[in-house]
Amino acid sequence: MAKRSFLPLRALPANDAPDTNGSRTLIEQTYATLRDAIVEGRLAPGSKLRIEHLRVAHQVGAGTLREALTRLVSDALVSAEGQRGFRVAPIAIEELEDITRLRVHIETEALRLSIRHGDAAWRDALTAAYEALSAEERPIAPGRRRQWEVLNLRFHEALLSGHASPWTLHVLRLLSRHSERYRSYAMGLPGSERDVHAEHREIYELAIAGLEARAALALEAHIWATPHVLLRALREGTVVLPGSAPATLRQA
């Protein structure tokens, strides 16, 4: 398997006890670094995660690494194989369809509630998030995709923040990470040249205007755009995703 680069982390303390503040911070760092590598595709779907290789690459102890991997199992980004270790979760168009339907169901209803209950502070925060995102995506520079992803998530969360729901936010953050895995495949495909900024502008303007039904429809179309690009590529044979098959997406 080809060698992959990792962001270096600070050396493991002599005592790798998970209940110390230093060790907890190291676990968080290791978790975040591995999570980003999986989401961005630098750790390939379905690939074996070898404890010794990762321990040396990240300069952490086996206990720290296993706890970070266990958290990734909880996020469904890594699968545990009993006594055989860990593997990056595969991706498949069927899974993307499921994720997308769930996102649409939760996010559009949350947007309606946010518009209904949002106050001046919500509109100000949404405007600030939209302006920051706009500055980064006209156009999206290939070398700044990570910065765009952060601002894109911040904008989507600002849309929903008019009606606070910690559980909604928690679930959508998890779904967003999984959606991002597929977006990295779709962004470089022929026919994927969407005007993402125009999509965001439409959603923002409708939300600010208080037009909740139209804003929800615009958000639904925006969320479905990436699955449609990938499905078309699968049908045309221009991309193959592990475990996927060229099946028709069924919107619900």
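The values are calculated or read from the model by the stated rules, or taken from the named source; none is laboratory data. It should be emphasised that the depicted structure is a prediction, and the values quoted were computed from it without experimental measurement. Glycine gets a Cβ as well: all are built from the backbone with ideal geometry, and neighbour counts include every protein chain shown. Ligands, DNA and RNA are excluded from the accessible area calculation, which covers all protein heavy atoms including side chains. Shrake-Rupley method; radii C 1.70, N 1.55, O 1.52, S 1.80 Å.
Observations, loosely collected:
- Residue selected from region 131-147 under the condition under 16 Å from His200 (Cα atoms) and hydrophobic (A, V, I, L, M, F, W, C), by the criterion surrounded by the fewest Cβ atoms within 10 Å (Cβ to Cβ): Ala135
- Pair list, Cβ < 9 Å and 6+ apart or interchain, from region 40-54 residues that are without any contact (Cβ under 8 Å) to a residue 40 or more places away in the chain and on the phi < 0 side of the Ramachandran plot to residues that are surrounded by fewer than 18 Cβ atoms within 10 Å (Cβ to Cβ) and acidic (Asp, Glu): Arg42/Asp36
- Scanning region 55-72 for residues that are open to solvent by 50 Å² or more (accessible area, probe 1.4 Å) and of a type in the set (A, V, I, L, M, F, W, C) returns a single hit, Val56.
- Filter pass, Ser79 being hydroxyl-bearing (Ser, Thr, Tyr), under 28 Å from Thr226 (Cα atoms), in contact with a strand residue (DSSP E or B) (Cβ under 6 Å, 6 or more places away or on another chain) and open to solvent by 20 Å² or more (accessible area, probe 1.4 Å): yes
- Filter result for His197 (touching a residue at least 60 places away in the same chain (Cβ under 8 Å) and in contact with an Asp or Glu (Cβ under 6 Å, 6 or more places away or on another chain)): yes
- When region 162-175 is filtered for residues that are surrounded by fewer than 19 Cβ atoms within 10 Å (Cβ to Cβ) and either touching a Phe, Trp or Tyr at 6+ places or on another chain (Cβ under 7 Å) or within 13 Å of Trp122 (Cβ to Cβ) (or both), the ones remaining, listed by number, are His163, Ala164.
- Residue in region 94-113 that is buried (at least 16 other Cβ atoms within 10 Å of the Cβ), in contact (Cβ under 8 Å) with a residue 60 or more places away in the chain and more than 19 Å from Ala221 (Cα to Cα) present: no
- Qualifying positions in region 82-93 - open to solvent by less than 10 Å² (accessible area, probe 1.4 Å) and modelled with pLDDT under 85: Ile93
- His178 vs. criteria within 30 Å of Leu34 (Cβ to Cβ) and either surrounded by 15 or more Cβ atoms within 10 Å (Cβ to Cβ) or in contact with a His (Cβ under 6 Å, 6 or more places away or on another chain) (or both): yes
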